[in-house]
Amino acid sequence: MGKMWSGRFSENASSLLDEFNASLNFDRKLYEYDIRGSLAHAKMLHMQGILSDEEYREIEKGLQQVRREIESGEFVFDISDEDIHMAVEKRLTEIVGDAGKKLHTARSRNDQVALDFRLYVQAHNESIRELILNLLETFTTVASNHTETMLPGMTHLQHAQPINFGYHMMAYASMLKRDYERFESSFERNNLSPIGCAALAGTPHPVDRRMTAKELGFDAPTLNCLDTVSDRDFALEMLFNIATMMMHISRLSEELILWSSSEFGFVTLSDAYSTGSSIMPQKKNPDVPELLRGKTGRTYGNLVSLLTVMKGLPLAYNKDMQEDKEGTFDSVETAEISLTILNEVIKTMRVNEERMEKACKIGHLSATDLADYLVEKCGIPFREAHFITGRAVALAERKGVDLSELDAEELQSIDSRISPDVVEYLSIRHSMNARNSEGGTSTEKTVEQIEKLKSWLKEKRG
């Protein structure tokens with residue numbers, strides 16, 4: 001039998017065209033969504049009197065058989081079928097005969113592929129959100145255990161002010177929470193059903209798009225059929241959300257790579273998530289965060305690729321849009337395994353608290369505290385206090401000690417207005433806890449942040 005669309009053609013398609021034109025090698029991933037969509041469409045056609053009772057029963061039974069054959073590996077995928085939609089329909093027709101030929105009434109491959117792809121994106125939106133929640137729970141656990149563990153906070157990768165490690169973990173948790181909310185917003189905005197739009201202009205058949213929307217778990221049908229069959233915003237949003245999330249993961253990965261180096265030694269990654277060298281037996285390489293950092297680039301590429309495909313397309317469907325799936329499949333799979341393995345890396349890493357605290361004595365992290373002390377306790381204008389603090393740092397440098405290790409007499413030699421109680425203010429732990437404004441690094445405020453996130457997680461878990 002020729003291709004289902006070959007009625008107006010006098011020559012058969014070349015094998016080269018079959019190879020170039022076909023998407024079956026990758027869109028077979030959509031088989032479950034294609035069958036679900038066809039079952040809903042058949043049910044609607046039956047309810048509208050377009051399919052008889054017997055035809056509907058045969059189609060439903062046949063589609064279930066096709067599903068079983070694909071899942072068992074018995075199904076024969078033939079590239080000449082072009083795509084998963086035609087492959088399923090052809091096999092259905094082989095099983096049930098003429099009834100199978102009626103399934104495509106009131107629909108086109110244009111709305112069919114839009115439906116299948118949207119169902120795929122929506123399903124994986126939910127799975128990615130679940131994985132984000134798992135990772136957020138791990139972050140809150142680690143953060144809760146380290147609200148008093150000192151860590152040098154940095155700007156420009158230079159020691160800046162003392163913070164606690166739990167606070168640092170909550171910074172990444174805040175990023176991931178925003179990622180979750182982006183996915184959630186995209187899901188809600190795009191939870192609309194394309195089926196029933198047909199090729200581009202709707203259909204003269206008496207379809208019930210609201211019924212199929214409800215059957216498939218959508219909130220409603222899409223508004224405009226011309227837009228619907230050519231819309232890939234839902235996939236672009238997924239790609240953008242993944243790229244942004246992977247950027248956050250990459251930033252954390254960069255820090256894990258630095259922190260696990262001999263120069264930092266802040267964390268030790270589990271042997272289960274590290275690799276060795278083929279030539280240097282002493283090596284322990286942070287390959288997981290390195291790969292996470294590297295895979296971020298491919299998710300950017302997938303986003304830019306689809307944006308480029310879509311930018312010049314006239315309405316409605318164009319074959320260029322077949323290029324929408326492989327990049328999306330790749331980004332989705334990359335995101336899911338990245339979230340899963342990062343969760344395990346964070347769970348199993350060891351935090352080297354003493355090394356972190358020792359590092360807080362490098363770089364004069366309490367310099368801002370001395371300036372604040374001079375303003376608040378001594379009534380000195382900030383610009384003058386800044387200058388005096390600079391002189392104190394220079395003195396510490398000459399003595400080869402941290403600013404926090406200078407005694408009161410040494411500080412008073414710089415400015416007589418300084419009182420003996422200054423030493424307390426220069427303690428790195430005091431410095432950390434002094435930042436007690438909302439969102440700050442003090443242990444008290446870090447605990448507040450953790451509790452707020454736990455409450456949000458509980459709400460999302462239902």
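The values are calculated or read from the model by the stated rules, or taken from the named source; none is laboratory data. Note that this is a predicted model, so its numbers are computed, not measured. We place every Cβ from the backbone using ideal geometry, glycine too, and count neighbours over all the protein chains shown. Ligands, DNA and RNA are excluded from the accessible area calculation, which covers all protein heavy atoms including side chains. Shrake-Rupley method; radii C 1.70, N 1.55, O 1.52, S 1.80 Å.
Is it true that some residue in the stretch 255-275 is crowded, with 21+ Cβ neighbours inside 10 Å, of a type in the set (D, E, K, R) and more than 30 Å from Thr155 (Cα to Cα)? Checking the stretch 255-275: not a single residue is crowded, with 21+ Cβ neighbours inside 10 Å, of a type in the set (D, E, K, R) and more than 30 Å from Thr155 (Cα to Cα). In the stretch 45-59, the qualifying residues are those that are out of contact with any Gly (no Cβ under 7 Å at 6 or more places or on another chain) and aliphatic (A, V, I, L, M), and the one that is most open to solvent (accessible area, probe 1.4 Å) is Met47. A search for C-beta distances below 9 Å between a residue of the stretch 260-276 that is assigned to a loop (DSSP other than H, G, I, E, B) and any residue that is surrounded by fewer than 13 Cβ atoms within 10 Å (Cβ to Cβ), counting only pairs 6+ apart in sequence or on different chains, returns Leu269/Arg350; Ser270/Arg350; Gly276/Gln282; Gly276/Lys283.
Please enumerate the residues belonging to the stretch 238-294 that are in contact with a Pro (Cβ under 7 Å, 6 or more places away or on another chain) and hydroxyl-bearing (Ser, Thr, Tyr). Steps first, answer last, please.
Taking the stretch 238-294 as the starting set, the residues that turn out to be in contact with a Pro (Cβ under 7 Å, 6 or more places away or on another chain) are 253, 256-257, 260, 269, 274.
Passing the criteria: Ser253, Ser260, Ser274.
In the set Arg91, Arg118, only one residue is open to solvent by 20 Å² or more (accessible area, probe 1.4 Å) and not in a loop (DSSP other than H, G, I, E, B); that residue is Arg91.
Looking across the stretch 357-381, the residues that are open to solvent by 60 Å² or more (accessible area, probe 1.4 Å), under 18 Å from Ser404 (Cα atoms) and assigned to a loop (DSSP other than H, G, I, E, B) come down to Lys361, Ile362, Lys377.
Among the numbered criteria (1) touching a residue at least 12 places away in the same chain (Cβ under 8 Å); (2) within 30 Å of Glu130 (Cβ to Cβ); (3) outside any helix (DSSP H, G or I), which single criterion is violated by Leu457? Failing condition for Leu457: (3). Taking the stretch 140-246 and the helices (runs of 4 or more DSSP H) fully enclosed by it, the elements with 2 or more residues that are open to solvent by 20 Å² or more (accessible area, probe 1.4 Å) and touching a strand residue (DSSP E or B) at 6+ places or on another chain (Cβ under 9 Å) are at 165-190, 209-215.
No other residue among Glu384, Glu354, Glu397, Glu376 is touching a His at 6+ places or on another chain (Cβ under 9 Å), without any contact (Cβ under 8 Å) to a residue 40 or more places away in the chain, more than 30 Å from Tyr180 (Cβ to Cβ) and of a type in the set (Asp, Glu) apart from Glu397.
A single member of Gly294, Gly327 is touching a Leu at 6+ places or on another chain (Cβ under 8 Å) and under 30 Å from Asn125 (Cα atoms), and it is Gly327. Against the conditions (1) buried (at least 18 other Cβ atoms within 10 Å of the Cβ); (2) free of Cβ contacts under 8 Å to residues at least 12 places away in the same chain; (3) not hydroxyl-bearing (Ser, Thr, Tyr), where does Pro289 fall short? Just the number, please. If we test Pro289 against (1) buried (at least 18 other Cβ atoms within 10 Å of the Cβ); (2) free of Cβ contacts under 8 Å to residues at least 12 places away in the same chain; (3) not hydroxyl-bearing (Ser, Thr, Tyr), just (2) comes out false. The condition of being within 24 Å of Arg355 (Cβ to Cβ) and within 13 Å of the chain's Cα centre (by Cα) holds for only one of Leu292, Leu252, Leu239, that being Leu292.
In this structure, is Thr340 open to solvent by 10 Å² or more (accessible area, probe 1.4 Å), among the hydroxyl-bearing types (Ser, Thr, Tyr) and either under 30 Å from Phe139 (Cβ atoms) or part of a loop (DSSP other than H, G, I, E, B) (or both)?
Numbers: open to solvent by 10 Å² or more (accessible area, probe 1.4 Å): yes; among the hydroxyl-bearing types (Ser, Thr, Tyr): yes; either under 30 Å from Phe139 (Cβ atoms) or part of a loop (DSSP other than H, G, I, E, B) (or both): yes.
Yes.
Among all positions in the stretch 86-106, there is at least one residue which is acidic (Asp, Glu) and out of contact with any His (no Cβ under 8 Å at 6 or more places or on another chain).
Out of the stretch 60-85, which residues are β-branched (Val, Ile, Thr) and open to solvent by 60 Å² or more (accessible area, probe 1.4 Å)?
Val76, Ile79
Restricting Arg129, Arg107 to those that are part of a helix (DSSP H, G or I) and not aliphatic (A, V, I, L, M) reduces the list to Arg129.
Looking at this structure, is Ser80 at negative phi, at pLDDT below 95, assigned to a helix (DSSP H, G or I) and of a type in the set (Gly, Ala, Ser)?
Details: at negative phi: yes; at pLDDT below 95: yes; assigned to a helix (DSSP H, G or I): yes; of a type in the set (Gly, Ala, Ser): yes.
Yes, satisfied.
The selection criterion, being at pLDDT 95 or above and either touching an Asp or Glu at 6+ places or on another chain (Cβ under 7 Å) or under 30 Å from Lys445 (Cα atoms) (or both), holds for Met154.
Only one of the numbered conditions (1) open to solvent by 40 Å² or more (accessible area, probe 1.4 Å); (2) part of a helix (DSSP H, G or I) is not met by Gln282, and that is (2). Would it be correct to say that Ile249 is of a type in the set (Val, Ile, Thr), outside any loop (DSSP other than H, G, I, E, B) and either touching a Phe, Trp or Tyr at 6+ places or on another chain (Cβ under 7 Å) or surrounded by fewer than 20 Cβ atoms within 10 Å (Cβ to Cβ) (or both)? Spelling it out, it is not the case that Ile249 is of a type in the set (Val, Ile, Thr), outside any loop (DSSP other than H, G, I, E, B) and either touching a Phe, Trp or Tyr at 6+ places or on another chain (Cβ under 7 Å) or surrounded by fewer than 20 Cβ atoms within 10 Å (Cβ to Cβ) (or both). Number of residues in the stretch 297-336 that are open to solvent by 70 Å² or more (accessible area, probe 1.4 Å), closer than 18 Å to Phe26 by Cβ and within 17 Å of the chain's Cα centre (by Cα): the value is 2.
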